[in-house]
1. Quick check on residue 277: is it touching a strand residue (DSSP E or B) at 6+ places or on another chain (Cβ under 7 Å) and over 25 Å from residue 11 (Cβ atoms)?
2. Looking only at strands (runs of 3 or more DSSP E) that lie completely in the range 1-102, which have at least 1 residues being touching a strand residue (DSSP E or B) at 6+ places or on another chain (Cβ under 7 Å) and without any contact (Cβ under 8 Å) to a residue 40 or more places away in the chain?
3. Return yes when residue 346 is more than 23 Å from the chain's Cα centre (by Cα), free of Cβ contacts under 8 Å to residues at least 40 places away in the same chain and over 30 Å from residue 218 (Cα atoms) and no when it is not.
4. Of all residues in the range 221-251, how many are farther than 30 Å from residue 368 by Cα and touching a residue at least 60 places away in the same chain (Cβ under 8 Å)?
5. For residue 363, indicate whether it is in contact with a strand residue (DSSP E or B) (Cβ under 7 Å, 6 or more places away or on another chain) and touching a residue at least 24 places away in the same chain (Cβ under 8 Å).
6. Which of the numbered conditions does residue 209 fail, given that it passes all the others? Conditions: (1) at pLDDT below 95; (2) assigned to a loop (DSSP other than H, G, I, E, B).
7. Residues to consider are 316, 336, 332; find the one that is outside any loop (DSSP other than H, G, I, E, B), under 25 Å from residue 247 (Cα atoms) and either in contact with a strand residue (DSSP E or B) (Cβ under 6 Å, 6 or more places away or on another chain) or in the same structural domain as residue 395 (by TED's automatic domain parsing) (or both).
8. Given the options 259, 287, name the one that is buried (at least 17 other Cβ atoms within 10 Å of the Cβ) and in the same structural domain as residue 204 (by TED's automatic domain parsing).
């Protein structure tokens, strides 16, 4: 599943002790395994090889340019949702022509920047957005390639915040509206509608929603082609589930077993396939290391108060997400065989693992069976590689943590820990005058 294993009662990150990393860079910190990132990307690449997909890593899941560079070296493009992510991608040396630009709120300046860089494909979320891209591209004398994001009306079986393929969502357009939109804009100047895009949700553990969604999208492609529209691009998004609990996911091979036969005849006939995995590549490739500051008993609840909280890892309190947590050095005989809600080990206590933030909802785990915890102890939060650092904040004026990339026995800092001066870098003690534009009466 990943390269985080216990050896003689101590957690190792590939060939390096987790405790040594924490001692070197301090806590909290995110630690990534280059080997796991590589193997997870290559599993997807190999499973879908018959379709020759352009695999665009969902940069929003883990946006560090060091990770981006590693994935680029493996052949990945990038799935971008902002000009900031485009800037990161370019800084990491990724060819913009291998990138897709998605997101529901592309501004004129972002569209212009993406066109200037030659982004390969725009995933269009609304008719007004199409009109904006067409207008801007025409003014620049270029033509943008685009796929229309459609909602195939499937339930992915994941958290409601991650379900994005319904009609009642801010993303995309209803599948039934695609024909009319292509009819109005299929021959527009500046923006060429070449295909369809779908993304039905995240953390999906069943192939059925994909089979249903792709089937409906293929039917729409056939209908559009019967109306004279050339369709040569399909973007099936991402969303493959991962192992927050041991054995929870079915793996990319199971999804490929269903998807490849559906799409291979189309690909053989010239269809270009895009995929947008993110979580499935990096979630299990990262952990969060945090130190216990204090322990306390409050009524019936035992607390372990740590230096990482909702500001560091938002998923537990935002999505009610489960992340397995365990001491990095519990000693022999106290290493669970599986990452699960209820490890089968003696002497466990029920503990709330919480952070330093002034919010009751600031927690990493509630009512969690754990070994006895002491101040100063180091805990590992597993499955933190996706939507961890990329969703972290400076709430309560907490500096952002460090990020570390481990490759076998090599440990590299890919983001330094922020200082207090960094917190103030963009703030002005004395207001700087703002000159308002003249407005004609």
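The values are calculated or read from the model by the stated rules, or taken from the named source; none is laboratory data. Predicted, not measured: the structure shown is a model, and the values here were computed from it. Cβ sites come from the backbone with ideal geometry, for glycine too, and all protein chains shown count toward neighbours.
1. Answer is yes for this residue.
2. Filter on the range 1-102 gives 4-7, 10-13, 77-80.
3. Working: more than 23 Å from the chain's Cα centre (by Cα): yes; free of Cβ contacts under 8 Å to residues at least 40 places away in the same chain: yes; over 30 Å from residue 218 (Cα atoms): yes.
So residue 346 fits the description; yes.
4. The initial filter retains those residues of the range 221-251 that are farther than 30 Å from residue 368 by Cα, namely 221-238.
Narrowing the set further to residues that are touching a residue at least 60 places away in the same chain (Cβ under 8 Å) leaves 233-235, 238.
Of the residues in that region, 4 qualify.
5. Values: in contact with a strand residue (DSSP E or B) (Cβ under 7 Å, 6 or more places away or on another chain): yes; touching a residue at least 24 places away in the same chain (Cβ under 8 Å): yes.
The answer is yes for residue 363.
6. With respect to (1) at pLDDT below 95; (2) assigned to a loop (DSSP other than H, G, I, E, B), residue 209 is out only on (2).
7. Values: 336 fails: outside any loop (DSSP other than H, G, I, E, B); 332 fails: outside any loop (DSSP other than H, G, I, E, B).
The match here is 316.
8. On the way: 287 fails: in the same structural domain as residue 204 (by TED's automatic domain parsing).
After applying the criteria, what remains is 259.
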